């Protein structure tokens, strides 16, 4: 547990609400207090050693262990009493802490925010786990999308419903949920994920099955939504199981990405043959999730190899989900469609815009995916995905929680590390933060 002194207030990056954990933490807290006057004593517990405090009037850390950098940084009895009371109050009461982007392209800072009140069709959710997406680090590092500061980032979360606003029919307090928090793009920080309490729209929230952990659940909403919009809105696949007269394969480029995995699983569950590309280390588990075949996109002949396989199977490639949309992926997708004799009437959906200097095969239609269409002209996708399909498919084992979540330690204090790690590049996993 860490305490920080921000310019606004003294806040904690972790609030203990579990009584057993809280009692254990306070035991270590008082143990550290008892040791304060014994400069030769060693810290007996990791919890006591790691409990860093901030002295409000000095703006510098105080340490609850005798090995403080200097004597002036050791807390005094009255300060300890104050901080102990603060710790108890914070644990007993609701406090909303957020990892905030204070200015454009700034560093994340932990601050206290008011707990929002859910409005019509909204839920107040106590956030348990937040997952990161590429758009999150892009907002911070590139200064795109968000124009109002301070801002709260991130959209993927799982947690527990605290209260429901007027008109909510599917949820009640205590329900475990996962959802797509839309606040970052809509520039409403109350509806962004990287905080203890977040507003979710009922239409962007799914029940979290008992067989799925918070970590697994937090990794799903944005990727599943984006893949659904790409498949149903951009590629115009029917939002139901494929019938025998509907032929063709779906090509997913960069199948091991979060959006790629989601597209593979959704298309496979609805009965489509799915071709995918990924690094060789991912081929096995992507086939298990539903890919008919997987090819290495590093292979210089990958377009011809996929095209040959499609022709041999008697398939046309009906649509392409380009979940990478960077560098050579545009050229390779175009070459694959030509090699598969699948250009006429084929649709391509990209997660980033198709560059103007990249030629498109004649007869192919390209659309840049806008996952927020599920809140506007394609609300039917939200009703299908969050209303029933995602929860039921996870319960029945039709869909697996993938990619595998990788937990970044540190609570909200680890938020910057999560974004930095994602920016540096990850493959076949989803970075998540436990609050």
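Out of segment 299-337, which residues are under 21 Å from residue 230 (Cα atoms), surrounded by fewer than 16 Cβ atoms within 10 Å (Cβ to Cβ) and touching a helix residue (DSSP H, G or I) at 6+ places or on another chain (Cβ under 9 Å)?
Of everything in segment 299-337, just one residue is under 21 Å from residue 230 (Cα atoms), surrounded by fewer than 16 Cβ atoms within 10 Å (Cβ to Cβ) and touching a helix residue (DSSP H, G or I) at 6+ places or on another chain (Cβ under 9 Å), namely 331.
Mind checking which residues of segment 186-197 are in contact with a helix residue (DSSP H, G or I) (Cβ under 8 Å, 6 or more places away or on another chain) and over 14 Å from residue 131 (Cα atoms)?
Correct list: 189, 190, 191.
Report whether or not residue 354 is modelled with pLDDT of 95 or more and part of a helix (DSSP H, G or I). Reasoning before the result, please.
Values: modelled with pLDDT of 95 or more: yes; part of a helix (DSSP H, G or I): no.
Against the criterion (modelled with pLDDT of 95 or more and part of a helix (DSSP H, G or I)), residue 354 does not qualify.
Check 305, 320 and return the single one that is assigned by TED's automatic domain parsing to the domain that holds residue 337 and outside any helix (DSSP H, G or I).
Going through 305, 320 in turn, just one is assigned by TED's automatic domain parsing to the domain that holds residue 337 and outside any helix (DSSP H, G or I): 320.
For the structure I just gave you, tell me whether residue 312 is without any contact (Cβ under 8 Å) to a residue 40 or more places away in the chain, outside any loop (DSSP other than H, G, I, E, B) and farther than 28 Å from residue 222 by Cα. Steps first, answer last, please.
Values: without any contact (Cβ under 8 Å) to a residue 40 or more places away in the chain: yes; outside any loop (DSSP other than H, G, I, E, B): yes; farther than 28 Å from residue 222 by Cα: yes.
Taking the combined requirement at face value, the residue satisfies it.
Can you tell me which residue among 384, 389 is outside the structural domain of residue 107 (by TED's automatic domain parsing), under 21 Å from residue 267 (Cα atoms) and either touching a residue at least 12 places away in the same chain (Cβ under 8 Å) or in a loop (DSSP other than H, G, I, E, B) (or both)? Explain how you work it out, then say what you get.
Values: 389 fails: either touching a residue at least 12 places away in the same chain (Cβ under 8 Å) or in a loop (DSSP other than H, G, I, E, B) (or both).
384 is the lone residue from the list that is outside the structural domain of residue 107 (by TED's automatic domain parsing), under 21 Å from residue 267 (Cα atoms) and either touching a residue at least 12 places away in the same chain (Cβ under 8 Å) or in a loop (DSSP other than H, G, I, E, B) (or both).
Looking at residue 407, is it assigned to a loop (DSSP other than H, G, I, E, B), modelled with pLDDT of 95 or more and closer than 22 Å to residue 212 by Cα? Talk me through it step by step, then tell me what you get.
Numbers: assigned to a loop (DSSP other than H, G, I, E, B): no; modelled with pLDDT of 95 or more: yes; closer than 22 Å to residue 212 by Cα: yes.
Spelling it out, it is not the case that residue 407 is assigned to a loop (DSSP other than H, G, I, E, B), modelled with pLDDT of 95 or more and closer than 22 Å to residue 212 by Cα.
With 319, 363 as the choices, which residue is under 17 Å from residue 247 (Cβ atoms) and modelled with pLDDT of 95 or more? Walk me through how you get there before you give the answer.
Details: 363 fails: under 17 Å from residue 247 (Cβ atoms).
Result: 319 is the single residue among 319, 363 that is under 17 Å from residue 247 (Cβ atoms) and modelled with pLDDT of 95 or more.
When residues of segment 107-132 are filtered for being out of contact with any strand residue (DSSP E or B) (no Cβ under 6 Å at 6 or more places or on another chain) and either crowded, with 24+ Cβ neighbours inside 10 Å or free of Cβ contacts under 8 Å to residues at least 40 places away in the same chain (or both), how many remain?
The qualifying residues number 1.
The values are calculated or read from the model by the stated rules, or taken from the named source; none is laboratory data. These numbers were taken from a predicted model, which means no experiment stands behind them. A quick note on method: Cβ atoms are made from the backbone with ideal geometry, for glycine too, and the neighbour counts reach across all protein chains shown.
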